[in-house]
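Worksheet: one structure, shown below.
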């Protein structure tokens with residue numbers, strides 16, 4: 001079993017990175033690996049509690065029916081992250097990045113931890129692989 | 001254990017947060033732990049952040065902290081040349097290195113974080 005770290009720095013409504021990240025995490029869990037997230041910069045916007053609809057369709061996705069086609073995103077980011085949390089995935093948020101965006105602990109789904117770069121540094125000493133999105 | 005971590009920044013210092021947030025992350029990792037050996041590489045439009053004439057604002061604080069820990073940001077020479085720039089344009093505290101050296105650092109790193 002490997003411990004996979006995933007760093008997400010992009011926001012959910014403009015970029016598809018979050019979806020790639022949670023898809024990788026889903027598959028990693030199925031294969032018995034351990035997964036930990038660190039959400040940094042606009043990545044902190046992914047597990048917001050009050051998200052109620054999926055992002056607008058992404059264009060040109062590889063899995064679209066043909067090049068340039070629109071493809072609906074696979075769910076609401078906060079729900080996908082909640083599912084990961086329920087299966088033991090750790091989701092750590094950069095507290096400085098959250099504060100810059102006016103976000104507090106109550107704005108995030110249950111289970112995420114607000115931390116900082118010292119926590120990420122510690123995580124880097126524990127993981128086997130790092131995926132940056 | 002290989003402790004080498006590279007933060008590679010390819011975004012210009014103005015117009016978005018990628019440059020400053022990349023350096024903030026690098027600074028934080030340098031200051032938070034001695035379990036990692038952190039290198040910073042400026043490549044592509046990221047080299048604009050190393051110019052003597054660039055106004056770096058808050059980012060200067062991050063660079064100063066890294067300097068205290070003897071971390072000298074590296075600037076890819078070929079990226080400078082592609083933009084009509086050279087070593088003479090760099091601010092003090094930045095070191096130009098060749099693309100082949102950048103490749104060596106990337107392939108030797110345990111982790112690479114890209115901004």
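Numbers for the structure displayed
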read-out	value
Matching entry among B:29, B:63 (being within 10 Å of chain A (Cβ to nearest Cβ) and modelled with pLDDT under 95)	B:29
Residue within the stretch B:11-22 that is touching a strand residue (DSSP E or B) at 6+ places or on another chain (Cβ under 8 Å), within 12 Å of chain A (Cβ to nearest Cβ) and within 17 Å of residue A:116 (Cα to Cα) present	yes
Of residues in the stretch A:8-41 being without any contact (Cβ under 8 Å) to a residue 40 or more places away in the chain and not in a loop (DSSP other than H, G, I, E, B), the one farthest from residue A:96 (Cα to Cα)	A:30
Boolean, residue A:7 is within 23 Å of residue B:21 (Cβ to Cβ) and touching a strand residue (DSSP E or B) at 6+ places or on another chain (Cβ under 7 Å)	yes
Neighbours by Cβ (under 6 Å, 6+ apart or cross-chain): first from the stretch B:95-115, within 14 Å of chain A (Cβ to nearest Cβ); second in a helix (DSSP H, G or I) and at pLDDT 95 or above	B:112/B:106; B:115/B:22
Residue count for the stretch A:84-116, restricted to those that are within 14 Å of chain B (Cβ to nearest Cβ), in contact with a strand residue (DSSP E or B) (Cβ under 7 Å, 6 or more places away or on another chain) and assigned to a helix (DSSP H, G or I)	2
Output for the stretch A:117-133, where each listed residue is over 17 Å from residue B:109 (Cα atoms) and assigned to a loop (DSSP other than H, G, I, E, B)	A:133
Test: residue A:75 is modelled with pLDDT under 95 and part of a loop (DSSP other than H, G, I, E, B)	yes
Output for the stretch B:73-94, where each listed residue is surrounded by 13 or more Cβ atoms within 10 Å (Cβ to Cβ) and under 15 Å from the mean Cα position of the chain (by Cα)	B:73, B:74, B:75, B:76, B:77, B:78, B:79, B:80, B:90, B:91, B:93, B:94
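The values are calculated or read from the model by the stated rules, or taken from the named source; none is laboratory data. None of the values given here were measured: they were computed from a predicted structure. Here Cβ is always computed from backbone atoms with ideal geometry, including for glycine, and neighbour counts include all displayed protein chains.
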